[in-house]
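Everything on this sheet refers to the single structure shown next.
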Amino acid sequence: MCDTERSLANSLSASIAVALRRSEFWLVGLLFTGAFVYVASFPPNLSASDEGLYLYEAKRIVEGQALYRDIFELVTPAAWYLMAGCFWLFGVSMATARLVTAVIHASITVVTYATCRVVAVRPMLSLAAACSFLALCQPVWPYASPHWLSTLITQGLLLALLRRQSFHGPRAPVLVGVLAGILICVQQQKGVVIGAGVAIVLVVDALLDGVTAARPLMRTILTYALGIVVAVVPILSSSIANAGLQPVVRALVVHPLFNYQRSFHSDWGEVGWGTGDLALYTFPLALKYSPALLPLAVVWAIVSWRRQRWRELRMLMTIGGFAVFSTLSIAYYPDFIHIAFIAPVFLTLLAWLLERPIERIKKSTAPVVIMGCIHGAILVVLALQLRHNWLRSQEQYRLSYMTAFGRVNFERQSDIQMIERVNQLLADVPSRELFIYQGYPSLYLTTASINPTPFQLLIPGYNAPDQFREVQSVLDARRVRYVLVVGLFIRPSDPFIPYLNQHYRQIDSRIPGIFLYERSDRA
């Protein structure tokens, strides 16, 4: 760990320590432990697509392959490196993936609590905000995902912004910049937008401090940019050194801006046809309308300005501005799941808005007992929702099966049958090579099969024609014996089907929507 990163860690630890009274440390420890145990106790259900892709690519990194060279990916690599490091240390298994995810969720819970306490929200209300994340957000996407790592870093960045006044001199924007840079390295589509928002918050804050000279403002921006460079350059430089500049630019810039946007669309707060089951674990309308808190924040900011409550105004501007740019950071696909990824920021804002009238009521007429009952009722409702989600998950994923990736729970018997069928076919294939079209990457993990191509997903429009040609050349060069086709979205004009019919013959279609092909020109 470099000196800047060590300084960042020490400063953030100090920030949390300042925010919490000593008597609260036991509560924070209990909160972290309880959140970790709760999330870790969910059934280890492996998502067929996004989670399977993320974990399988991390496995390929452990085996010595490089992102953007041997593996095509459209997201910056930090989350993949983290999971690959955990696989290397603790073994490539479903248990490792889910325990790492449980640590991330427990950390988000604690940082959300600490952020609320930094802005003077009372402990019980801060605890309710933290538990709301577990009750309303975590079950929306109960998988190992780079999204949750970016949620943790985003909330940590908000905490650092709110505590930046405890730092002295130019160190504050540098440390905030390092966190923004780390966020860019985890998910560039979010990090760039939120990073720009943080720059605006820093400038506005400097203006409120009366810093109107060009030189101090420029120094603030440059020191913030320096922190971003410190975090971003080493990681991206290693990627370019491994894969070359052109593949990295194509994967991280061209593909997200053009191919992804052309292929995937969502309305704000939408519950898609494939995410209806996940919506049953939360309240999609509450997530959809969470940005409605922003107009309330604006009204309160005007009141604070007129009454010259400058500290209150600065907190509102920081949280509100951060919430605005967090919202913009998911504009590329703003369904209810992506709103859940940024929801801790809105939970912090909601807790702050609730604290102000509660504080005034408590000072005037409401006795402590009444306020305690209100807080207790909120926590009881959240506890019931947590229990409901846990029981629903246990019932939904009740089929447990030992796979090559460890024990995994499934919803349907057909998923287990698919694993058994693939294992049967690959028993006499020493290389265990298999290509899955258009995508079912979790099957590579559960069957210990090997994708000989760089693409875990291959979808017309999402992938370019030259990428289809690359896959076909690999299949020909390596004489890959079996191809599995997920036929749910196959269209008559699909560009891969003519190649498949020319070189492969269908051997199995017993599982609905899944078709197995064997190479017909194996000589």
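Taking amide H as placed 1.01 Å from N in the peptide plane, ILE71 has its amide H under 5 Å from the amide H of ALA66, each at least 5 places away in sequence or on another chain. Remark: region 137-144, residue by residue, has Karplus-estimated 3J(HN,Hα) of 10, 3, x, 5, 9, x, 10, 5 Hz, where x stands for each Gly or Pro and the curve is 6.51 cos²θ - 1.76 cosθ + 1.60 at θ = phi - 60°. Shown is the FRET efficiency for TYR289 and TYR260, computed with R0 = 22 Å from the Cβ-Cβ distance and rounded to the nearest 0.05: 0.25.
For region 429-443, putting each phi into the Karplus relation 6.51 cos²θ - 1.76 cosθ + 1.60 with θ = phi - 60° gives couplings of 10, x, 6, 6, 7, 8, 10, 10, 10, 8, x, 7, x, 5, 5 Hz, in residue order, rounded to whole numbers and with x for Gly and Pro. For region 208-310, the Kirkwood estimate of the hydrodynamic radius, built from every pair of different alpha carbons, is 19.4 Å. With the helix formula -39500 (n - 2.57) applied to DSSP H stretches of n ≥ 4, the chain reaches a computed 222 nm mean residue ellipticity of -20500 deg cm²/dmol. Averaging 1/r across all pairs of distinct Cα atoms in the chain and inverting the result yields a Kirkwood radius of 24.7 Å. Of the complete DSSP H runs in the chain, those spanning 27 angstrom or more by Cα along the long axis with a mean Kyte-Doolittle score not below 0.5 are 94-118, 188-208, 214-243, 310-329, 336-364, 368-396. Relative contact order of the chain, taken over Cα pairs closer than 8 Å and 6 or more residues apart, is 18 percent. Here's how it looks for TYR437: its modeled amide H is under 5 Å from those of LEU484, VAL485, VAL486, which are all 5 or more places away or on a different chain. Within region 412-519, DSSP assigns beta bridges of which about 60% are antiparallel (rounded to the nearest 5). Once the Cβ-Cβ distance of LEU30 and VAL62 is raised to the sixth power relative to R0 = 41 Å, the FRET efficiency obtained is 0.75.
Over all projection directions, the Cα-based convex hull of region 412-519 averages an area of 6.4 nm².
Only beta bridges with both residues in the chain are counted; by DSSP, about 65 percent of them are antiparallel.
In terms of packing, defined here as the mean over residues of other Cβ atoms within 10 angstrom, the peptides 110-119, 414-423 line up highest first as 110-119, 414-423. Each listed q (0.10, 0.13, 0.23 Å⁻¹) maps to a log10 I(q)/I(0) for region 262-386 from the Debye sum over equal C-alpha point scatterers, namely -0.42, -0.68, -1.29.
Remark on TYR504: its backbone amide H falls under 5 Å from those of SER520, a criterion applied only to residues 5 or more positions apart or on other chains, H modelled at 1.01 Å from N. Among MET315, MET83, MET218, the ranking by other beta carbons within 10 Å of each residue's beta carbon, starting with the fewest, stands as MET218, MET315, MET83.
Each value in this text was obtained by applying a stated rule to the coordinates, not by laboratory testing. Model, not experiment: these values are computed from the prediction. Note: ideal-geometry Cβ built from the backbone for every residue, glycine included; neighbour counts use all protein chains shown.
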